[in-house]
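Step one of this worksheet: look at the structure below.
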Amino acid sequence: MTPWDLISTFARATTLARQGRGRGLAEHWQGLKYCRAFTADRHGSLRLTDEGKAPELSYRAMQARELGRAFGLAVAERALRERYPDHLISLVDAETALLPGFARTKPAGTLGARPRPDFLLEAWRPGEGSRIFVVTVNGNHQAVKPKTSASARTTYRQLARGSERVERLHLGQGNETPTIMTSTEFLATAGVTVHVLHTTGGVELPVRPTSGPESADVAIGRRALRYADSVAIPTKRGVERHNAFLIPEEQFSWFGRVIARAHAAGQLSLAGGGGTVGRYLIDEQGGKHFSETAFAGTASVHDAKTCFGEEQYVGTDQVFRINGTRVEAFSGIATELYDLLAEGKVEEYRQRVYERRKDWPEPDDIDGWGASSFRPDGTALAIRVLPNSASSENLSSG
């Protein structure tokens, strides 16, 4: 994996963060601050640079949290791609997926205050039921002193907390929901090390029709699903009931649409989709934030177009500095796919992106750009140094 693939994973994970409140100065650009945090060691493996090893004060904790998210998701996605080689893997923020079914209001308490997983990964292909994997991601940035296991204890605690959080989301009753828990050590003796725990499960969401009211093209409605004492666990003394986000089997079809539409919103947001993002989200998920007018000069909209190889992409860009050098970063999606999503055609988009999953450019095939990442889902993230003659009127530094 290259640093740019990692930053691309981080960008996709944060594009709908905080219900879209960052859509102006898009939140997915925050991964750019790690451009200089990685290098390759003599074996060709990723490691932290001196700059990456020495973040100051509380920034160390933030780096561990954010990069732990990126590495954990990268490993989880790769594992699922190997397990399901003929499927696409979609990434959805867990809170975004849960908000349509579980209230934030008291007396039940806010959704954010309840233990919950971080992300959902969906392995899918058209005409089949999709599989949902519940994922937690953590990281620690501790220096391991000789003859101590401080970092190992931190990793164990993170995995234990991850286990508690994934146990709070169930698809149907019983232990049928597969989970993945990760903890990344950034200063491990062997370099960046990702520890993974997983559980198996056989639950599968039903096949959706490609049109009509049960398709993902149609807006979802809210549900009032049970949280308190929702899960029954058999014990030697009988049955114990536990609090958890439970998606009953009769709601599987609805939940599959929630996930498909949330993923569509994330794809558009990565490309600066603006108001088109809101069509896929209810207000509780942040739909109204994408529908409101952003402040002048901060709007991140799909106003950038570029060709990679022979493929046209539409998206948004950001200009910033790396040690005084002006660089441009572009994030977007193939124009053909963007147009389908902008028109509300989720099911047609899914069919088309699956058909084209192996068609996208390779980083070595593009000219005029430096580091780049192209995903099977048609999204792209790329960076290049700006020429000295670039007009400063159109630049913003960060």
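Among THR14, THR39, THR182, the largest mean-square fluctuation in a Gaussian network model of the chain, built with springs joining Cα atoms closer than 10 Å, belongs to THR39.
For the pair GLU204 and TYR59, a Förster radius of 56 Å applied to the C-beta separation gives a FRET efficiency near 0.85, rounded to the nearest 0.05. Based on protein heavy atoms only, the chain ends up with 47 Å² per residue of surface accessible to a 1.4 Å probe. Derived scalar couplings between HN and Hα for the stretch 210-225 equal 7, 7, x, x, 9, 8, 6, 6, 9, 4, 8, x, 6, 10, 10, 8 Hz in order, rounded to whole Hz, by the Karplus curve 6.51 cos²θ - 1.76 cosθ + 1.60 (θ = phi - 60°), x for Gly and Pro. Computed in the context of the full set of protein chains, the accessible area of the chain at 1.4 Å probe radius has 48% of its extent on carbon or sulfur. Placing a label point 7 Å from the Cα of ASP229 along the Cα-to-Cβ line, the residues of the stretch 241-283 whose backbone N sits under 11 Å from it are 241-243.
Near GLU362: Cβ cut-off under 15 Å, other residues only, Lys/Arg at +1 and Asp/Glu at -1. The net charge is -3.
The ellipsoid that matches the Cα gyration tensor of the stretch 163-315 has semi-axes, each √(5λ) in whole angstrom, of 35, 25, 16, with the longest given first.
Each Lys or Arg adds one and each Asp or Glu subtracts one; over the other residues with Cβ under 13 Å from the Cβ of ARG60, this totals -1.
Can you bin the stretch 56-103 into rounded, prolate or oblate? Criterion: square roots of the alpha carbon gyration tensor eigenvalues sorted a ≥ b ≥ c, rounded for a/c under 1.5, prolate for a/b above b/c, oblate for the rest. Here the stretch 56-103 falls in the oblate category. Using Cα springs under 10 Å in a Gaussian network model of the chain, which residue among ALA371, ALA113, ALA97 shows the largest mean-square fluctuation? Evaluated over the chain, the most mobile residue of the options is ALA113. Each principal axis of the Cα cloud of the chain was evaluated for its coordinate range; sorted largest first, these ranges are 74, 62, 41 Å.
The values are calculated or read from the model by the stated rules, or taken from the named source; none is laboratory data. The model shown is predicted, which means the values in this text are computed figures rather than measured ones. Positions of Cβ are generated from backbone atoms using ideal geometry, with glycine treated the same way; all protein chains shown enter the neighbour counts. Heads up: the accessible areas ignore ligands, DNA and RNA and are worked out on the full protein's heavy atoms, side chains in. Shrake-Rupley method; radii C 1.70, N 1.55, O 1.52, S 1.80 Å.
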